[in-house]
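Derivation of every value follows stated rules applied to the coordinates shown; laboratory data play no part. Keep in mind that this is a model prediction, so the values were computed, not measured. Here Cβ is always computed from backbone atoms with ideal geometry, including for glycine, and neighbour counts include all displayed protein chains.
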């Protein structure tokens, strides 16, 4: 017998490419929003025009760039691209949190590398276990997702901790005058910031599947994967995101704390731009 | 700003600090528990420089009542036992001790379970004094303790402190002559210069 085939199933469907002329219909939808904004005097026309334009240009460029990147067969180049993404994440966090103090860039870079980076290494080698490990089709999008999702929480934690220590500085000072260490005195701010970083991700996890289908899962299903494979990826990536978020935020807060207090456990007034007390 | 000065305070000597506002009274009193670090010079406590390494243990011996009492959210009891929540100083405080401190500070012990935000300014100040005494300090620093108290109450609290804590050294920023009368040494600050008067001499 040359072949013996028994109840196999093959239902992988090729993705339907959207022809350009159909895609242009989509711009009809954008135009519709544009007209509505003008009609209702939302004062958004200019911003809308730029955001649609930016999205178009950025995504087009990304399409070409990713096509190129996916051809790369060199582990160091892929790692370098990942580090560049990490650097952009640092910048985005600083911009979003709207605060600044000495060494903030170094602090965030170390935290993201230690948090998002190390969790990603674990994810790539232990969970995905692809060969080669640097296969850009997995490495770049998954790395980007973990980084991107750690960004929001990091910015939030960074900002909350700063603001809360600032607001509670007299309380903190009182505790320190009673012999508390800086870490003890700032503990409740630390907790508040940590919680605020984790909560949104937890909310979105509990809504997942019921309220919405995550983008990656939708994409995989559209791409022809079985939903059962897609949910495995989704669960795995959620674990990676939450783990990365927790480690990154912990590192950010611990390092940030060292910037806030001097060796006498006194709040550094230059960082919070406080006026000297009499 | 304070100009260069020398000052030595013997044990169990109560000190008053006076001077116009903005003269540096708070700065001076904060130097004692190292909540302000001097630009130059050295402060010795019991013939040893204040150690930077174990600053927490030093601060624990020097209690400070700030000018504006800072209370944490929670009840009066929560605030009184706050200094015993720290890992290094963890200890249970009995209700008996709390009540004794309340009485000493002329604070009704029925307030113990009340939310600290509902207290009046004077009650807050007395609570802050009580909290400082509860850690059984060697030195008590008080920055304008009578600012929210009527003078009779302030006086009787002062009397109680001296009676129940005979080994305590009190350093006090105040303009109330009734409190200054309990001090043995007087520091007057004027445009950054200290003048020291000993009552005994």
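Contact order for chain B, expressed relative to its length and based on alpha carbon pairs under 8 Å spaced 6+ residues apart, stands at 35 percent.
How high is the relative contact order of the range A:74-277, given as a whole-number percent (alpha carbon pairs under 8 Å, six or more residues apart)? Numbers along the way, then the final one.
Details: 193 pairs, mean separation 65.4, N = 204.
Dividing the mean separation by the residue count of the range A:74-277 yields 32 percent.
Which order results if A:255, B:80, A:20, A:61 are arranged by neighbouring Cβ count within 10 Å, fewest first? Before the final figure, lay out the partial values.
Details: A:255 17, B:80 23, A:20 7, A:61 10.
Ascending Cβ contact count within 10 Å gives the list A:20, A:61, A:255, B:80.
Could you work out how far helix A:20-39 tilts from the main Cα principal axis of chain A, as a 0 to 90 degree angle to the nearest 10? Computed tilt is about 40 degrees. Going by neighbour counts of Cβ atoms within 10 Å, the residues B:105, B:183 line up, fewest first, as B:183, B:105.
What percent antiparallel are the DSSP beta bridges of the protein assembly as shown, to the nearest 5?
Values: 10 of 27 bridges.
Rounded to the nearest five, the antiparallel share is 35 percent.
Could I have the simple spin-label model distance between residue A:67 and residue A:138, label points 7 Å from Cα toward Cβ, reported in nm to one decimal? Each label point lies 7 Å from its Cα, and together they span 2.5 nm.
May I ask for the Rg/Rh ratio of chain B, computed from Cα atoms with Rh as the Kirkwood radius, given to two decimals? Let's see the in-between values first.
Working: Rg = 16.8 Å, Rh = 17.6 Å.
My calculation of the ratio gives 0.96.
Peptide B:63-72 has a mean shielding of 4, counted as Cβ atoms of other protein chains within 10 Å of each residue's Cβ.
So what is the 222 nm mean residue ellipticity for the protein assembly as shown from helices alone, if each DSSP H run of at least 4 adds -39500 (n - 2.57) and you divide by all residues, rounding to the nearest 500 deg cm²/dmol? Present the calculation step by step, with values, prior to reporting the outcome.
Details: 19 runs with 257 residues, N = 479.
It lands at -17000 deg cm²/dmol.
Rounded, prolate or oblate: which fits the range A:57-142, taking a ≥ b ≥ c as square roots of the Cα gyration tensor eigenvalues, rounded meaning a/c under 1.5, else prolate when a/b beats b/c? Oblate is the answer for the range A:57-142, as a/c is 1.5 or above yet b/c matches or exceeds a/b.
Using a ≥ b ≥ c from the Cα gyration tensor of the range A:24-182 (square roots of the eigenvalues), is it rounded, prolate or oblate, where a/c under 1.5 gives rounded and otherwise the larger of a/b and b/c decides, a/b for prolate? Judged from the Cα gyration tensor, the range A:24-182 comes out oblate (a/c at least 1.5, b/c at or above a/b). Simple spin-label estimate for residue A:31 and residue B:68 gives 6.0 nm between the two label positions (7 Å along the Cα-to-Cβ direction from each Cα).
Work the Kirkwood hydrodynamic radius out for the range A:74-277: mean of 1/r over every pair of different alpha-carbon atoms, inverted, in Å. Could the numbers behind the result be given before it?
Numbers: mean 1/r = 0.0545 Å⁻¹.
Every distinct Cα pair counted, the radius reaches 18.4 Å.
Who wins for biggest fluctuation among A:201, A:251, A:36 in a Gaussian network model of chain A, springs between alpha carbons below 10 Å? Among A:201, A:251, A:36, the largest GNM mean-square fluctuation belongs to A:36.
Would you mind classifying the range A:16-69 by shape? Square roots of the alpha carbon gyration tensor eigenvalues, ordered a ≥ b ≥ c; an a/c under 1.5 is rounded, otherwise it is prolate if a/b is larger than b/c and oblate if not. Oblate shape, in that a/c is at least 1.5 and b/c is the bigger or equal ratio.
How much FRET efficiency would the formula 1/(1 + (r/R0)^6) give for residue A:23 and residue A:191, where r is the Cβ-Cβ distance and R0 is 56 Å, rounded to 0.05? Calculated transfer efficiency: 0.70. Please report how far the C-alpha centroid of the range A:167-225 lies from that of the range B:64-110, rounded to the nearest whole angstrom. About 32 Å separates the Cα centre of the range A:167-225 from the one of the range B:64-110.
Within the range A:119-151, list the residues whose amide N lies under 16 Å from a label point set 7 Å along Cα→Cβ of residue A:74. In the range A:119-151, the label zone of residue A:74 (backbone N under 16 Å from the point 7 Å along Cα→Cβ) covers A:134-136.
For chain B, the longest principal axis of the Cα atoms and the long axis of helix B:151-164 meet at an angle of about 90 degrees.
Taking each residue as 0.36 nm, the span from residue B:21 to residue B:85 lengthens on full extension beyond its C-alpha to C-alpha distance by 19.5 nm.
The modelled label-to-label distance for the pair residue A:129/residue A:183, using points 7 Å beyond Cα in the direction of Cβ, is 3.7 nm. Against the main long axis of the alpha-carbon atoms of chain B, helix B:121-134 sits at an angle near 80°. Relative intensity of the protein assembly as shown on a log10 scale, I(q)/I(0) at q = 0.07, 0.11 Å⁻¹, equals -0.58, -0.96, per a Debye sum over C-alpha point scatterers of equal strength in the absence of solvent.
Would you order B:152, B:78, B:143 from fewest to most other beta-carbon atoms within 10 Å of each residue's own beta-carbon?
Details: B:152 10, B:78 16, B:143 21.
Starting with the residue having the fewest Cβ neighbours, the order is B:152, B:78, B:143.
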